[in-house]
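A.B. asks: Quick one: the structure is below, questions incoming.
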Amino acid sequence: MQVKSKSVVVTGATSGIGFSVCELLLKNRFRVIGVGRSKENCEAARERLIEKYPEGEIVFFYGDMVHQQEVFRVASEIRDYLRKSSGDELHALINNAGCVRSWYMTSNEGYEHQFALNHLAGFILTHELLPCLIRAKGRILFTSSASHKMMRMRWKDLMFEKGYNPLLAYKQSKLCNMLFAYSLNEMYRDKGIAAYGVDPGLVNTSIGNKETGFIVNLVWSIRRRFGVSPDEPAKTYLMLCTVETPPNELYFKFLKPARYSSQVNKENADRLFAISEQLCNIRYER
C-alpha cells in the first residue's frame, strides 16, 4: 500500500534557506508546496528541484506577499490544492519569506514592508491554512533571528513612520515572529499544533541585496561571505518537521533549543496578536 506523502508549505522557497529546505523535504519524500514572489522565479526553482529529485512531488504558487490581497489569493490556491492532493491536511507551514529594506516603503494597505512581509504575511497565511494544520496536528515554523533579542516592540510607532531605521524595523519583525509563535502555542497546543521560531544564524543568502540601497547592499555583500551555507540551517527545519514528538521548546538554532528574549512573553504576544488581527481584518478562532 502506498503511503500518502505529508504536505509542507514553504514560503520564500525560490532561493536561500527556503530553497534548501525544499531540497531536504523532497529528499525525505514530503510533498512540497513552494511559494515565491514571481512566476519566473517559481518556474526556475521547480525546474532545479525536479532535475535533482525527478520523482519528487513539488508545486509552486506565486504572489508578492507584501500585499495582503496577494496572501489571501495564494492561500486560497493552496487550500484548493490541499483538498485535491492531501485530504485537506497540512503537516507543516514554514513561514520563511522575508525582506530587508533600506528606505521606508509601504504595502498596498499602507504598512511598512518589513512588518508587512516578515510578520503580517505569515499571520494571514497561518490563519487561512490553520484548519488544514489542525487536521494534521501540524507544525508552524518561522524564520526568526538572534537580532530579536536586541529589540523591544515600538508600540507607539510599529511602522517606523516617525524616523525610519531599517535595522530596527528588521529586528522588530523578527521579534514579531517569536511573539506570534508564542501565541500559537498558547492557543492551539491542545489541538496538536506546535509552533517554533528558528534562528538560522548568519547565512550566505541574497536577502540583503534585494531592493536595498548602496550601503546596505555593500555591507551585506561583505557580511554574507562569513555566513554558512543555507543547507546548514535547513537541517533544523527538517528536524522540526520530522521528529515524531514535537519538542516543547519555542526557539531552535542548529538543531538545538536556544535562549530567546525576555520580551517574548504573554503580555507582548497578546498585544501583538490583537493588533495584527485588526491590521489584517481577520479573527482567529479561540
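Let's see how each residue does on (1) surrounded by fewer than 20 Cβ atoms within 10 Å (Cβ to Cβ); (2) touching a residue at least 40 places away in the same chain (Cβ under 8 Å); (3) touching an Asp or Glu at 6+ places or on another chain (Cβ under 7 Å); (4) aliphatic (A, V, I, L, M):
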position	(1), (2), (3), (4)
K27	yes, no, no, no
F30	no, yes, no, no
G36	no, no, no, no
E47	yes, no, no, no
S76	yes, yes, no, no
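A.B. asks: Looking at Y81, Y53, which one is under 23 Å from R29 (Cβ atoms), touching a helix residue (DSSP H, G or I) at 6+ places or on another chain (Cβ under 8 Å) and among the hydroxyl-bearing types (S, T, Y)?
C.D. replies: Y53
A.B. asks: From the list E57, E70, E109, which residue is charged (D, E, K, R), in contact (Cβ under 8 Å) with a residue 12 or more places away in the chain and over 21 Å from L238 (Cα atoms)?
C.D. replies: Just a single option satisfies the conditions, and that option is E109.
A.B. asks: Got a sec? Which helices (runs of 4 or more DSSP H) wholly within region 145-247 have at least 3 residues that are at pLDDT 95 or above and more than 17 Å from the chain's Cα centre (by Cα)?
C.D. replies: 166-188
A.B. asks: Quick check: anything in region 108-129 over 25 Å from V8 (Cβ atoms), in contact with a His (Cβ under 6 Å, 6 or more places away or on another chain) and either acidic (D, E) or modelled with pLDDT of 95 or more (or both)?
C.D. replies: yes
A.B. asks: Let me ask something additional. Pull up region 114-144, narrow it to residues that are in contact with a strand residue (DSSP E or B) (Cβ under 7 Å, 6 or more places away or on another chain) and not in a strand (DSSP E or B), then point me to the one that is farthest from H67 (Cα to Cα).
C.D. replies: Top of the filtered list is G138.
A.B. asks: Same structure, new question: Which one is farthest from Y164 (Cα to Cα) among residues in region 87-100 that are surrounded by 20 or more Cβ atoms within 10 Å (Cβ to Cβ) and modelled with pLDDT under 95? Please lay out each step first, then the result.
C.D. replies: Just the residues of region 87-100 that are surrounded by 20 or more Cβ atoms within 10 Å (Cβ to Cβ), to begin with: 90-100.
Among the residues that remain, those that are also modelled with pLDDT under 95 are: 98-100.
Details: G98: 18, C99: 15, V100: 13 Å.
The qualifying residue farthest from Y164 (Cα to Cα) is G98.
A.B. asks: Kindly provide the set of residues from region 97-113 that are over 20 Å from V74 (Cβ atoms) and in a loop (DSSP other than H, G, I, E, B), ordered by number.
C.D. replies: V100, R101, S102, W103, Y104, M105, G110
A.B. asks: From S102, S86, which residue is in contact (Cβ under 8 Å) with a residue 24 or more places away in the chain, within 24 Å of A195 (Cβ to Cβ) and more than 20 Å from the chain's Cα centre (by Cα)?
C.D. replies: Criteria check complete, one pass: S86.
The values are calculated or read from the model by the stated rules, or taken from the named source; none is laboratory data. Since the structure is predicted, the reported quantities are computational estimates derived from the model, not experimental observations. Backbone-built Cβ (ideal geometry, glycine too); neighbour counts: all protein chains shown.
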